[in-house]
1. Quick one: with label points 7 Å out along Cα→Cβ, list the inter-copy distances for B:G182 in nm, shortest first?
2. Round to the nearest 10 and give me the degree value, 0 to 90, for the angle of helix B:159-180's Cα axis relative to the longest principal axis of chain B.
3. How far, in degrees from 0 to 90, does helix A:17-39 lean away from the longest principal axis of the Cα atoms of chain A, to the nearest 10?
4. Evaluate E = 1/(1 + (r/R0)^6) for B:L93 and A:S16, where r is the Cβ-Cβ distance and R0 equals 60 Å; express this FRET efficiency to the nearest 0.05.
5. Looking at A:A17, A:S39, A:C50, which one has the Cα that reaches farthest to the positive end of the dipole of segment A:17-63 (charges on Cβ: Lys, Arg +1; Asp, Glu -1)?
6. So, R0 is 25 Å and r is the distance between the beta-carbons of B:Y61 and A:R181; what FRET efficiency does that work out to, to 0.05?
7. In peptide A:42-52, what is the residue-averaged number of other protein chain Cβ atoms found within 10 Å of each Cβ?
8. Once the dipole of segment A:73-112 is set up with Lys and Arg at +1 and Asp and Glu at -1 on Cβ about the Cα centre, which of A:T74, A:L102, A:A89 lies farthest towards its positive end?
There are 2 protein chains.
Amino acid sequence: MTQTTEPAGRPYGGQSATERRLSRRNRLTEAVLDLVYESGIESLSVGAICERASVSKRHLYLSFSNLDDLTEETLTDVLAHVADRIAAASAELDSDAPRARLIEGAVEEILTAFDDPRVARLYLEAPGNRGLRAARDHAVAHFVTQLLTLLAGDRADDPRAQLIARVLVGGTTEGVALWLRGDVTLERTELVATLTALGVDAVNHILRLKPPH
Amino acid sequence: MTQTTEPAGRPYGGQSATERRLSRRNRLTEAVLDLVYESGIESLSVGAICERASVSKRHLYLSFSNLDDLTEETLTDVLAHVADRIAAASAELDSDAPRARLIEGAVEEILTAFDDPRVARLYLEAPGNRGLRAARDHAVAHFVTQLLTLLAGDRADDPRAQLIARVLVGGTTEGVALWLRGDVTLERTELVATLTALGVDAVNHILRLKPPH
């Protein structure tokens, strides 16, 4: 495509430079979601992404250092959106709302993200791709911190609490992947109920921890 | 190295063909453990493995279809040994032994395997390697079946029980990796106690499941 020179801040086509950058970024991550859904991550290429997104390679490399970086950011954007929605939902709950409601809400937010089949596919491709693994690992670490901050009270810094939260969140990512692949034949409501019950068990376990000796 | 012609079953150097094959296989997997420990999986090559193991490439390719297959079998051998030891230990326990003892024994067997720092390193390399991921995924599925068979009674076939066991076992593999990397600062006894308690919680949860409607 035609390259245009764009001094920072110069309006062009009615959009500021920042708006155009955000629009390009959005088109690039949408193109990654589309192409991985259509053909899998193995056949993903910078050329195909740029063509689908109508973005030049030069602009892609202005925002992302390489293909792994772009795929990582694509999954990170999706998972950060989930984390934001969990935070917003928990802020709306009374401080004395049952823990189960908060955990159930978090599980629902995660599953809602996967209602977009492109997101589900990208997530299932994560184990085999360096960038996607990094995004998934960062999200797990973030969800662990979020869970402990919201629910673990003064136990949040106990390494045993961190281990328990990590086992729960890490294991849940595997359980959800299994379910998305159809390897666990549960109705969605049963999936939510089972994962919520496990989360409540884990949080109760953390809250019962005696201070370290 | 010098190639020798070996008709099946012909004794050579005091060993049968089967003994020589097993010895070569053992030298090859030991070489993988040594080399990954020394230099990481990225720099692993068939040439380096054959040199370290004193095994010809021809013999390597008689037993393994490629490098991924060999690294997968190396980790599979280690994890199958752990599963065998868990099975043997559980067979020795009275049928009315506390569940916690069986689960604690299983956790100890897993950690004992990682006392070999080469095994710990290979395990930590698993996410980034196709063969190692396959070995790890098969082992998780096997441990899930083992856990449900030993402890879940008539709930073993309930998909909710399978989900719970998968969350627990999958999450535990992450927790152990975190601990091996030093990212969770727990004494080994605390690690075992925490993982055992989580396992007991999960099994109790499974045993309380009401039959599906």
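Read the figures in this text as sums done on the coordinates, not as results from a lab. Here the structure is a predicted model, which is why all the values come from computation and not from measurement. Virtual Cβ from ideal backbone geometry, glycine too; neighbours counted across all protein chains shown.
1. In nanometres, ordered from closest: 4.6.
2. Here the helix axis deviates by roughly 60 degrees.
3. With rounding to tens, the tilt is 70 degrees.
4. Efficiency at R0 = 60 Å is approximately 0.30.
5. The one lying farthest along the dipole's positive direction is A:A17.
6. Efficiency, from the Cβ-Cβ distance: 0.15.
7. Details: counts 0, 0, 0, 0, 0, 0, 0, 0, 0, 0, 0.
Rounded to a whole number, the mean comes out at 0.
8. The Cα lying farthest towards the positive end belongs to A:L102.
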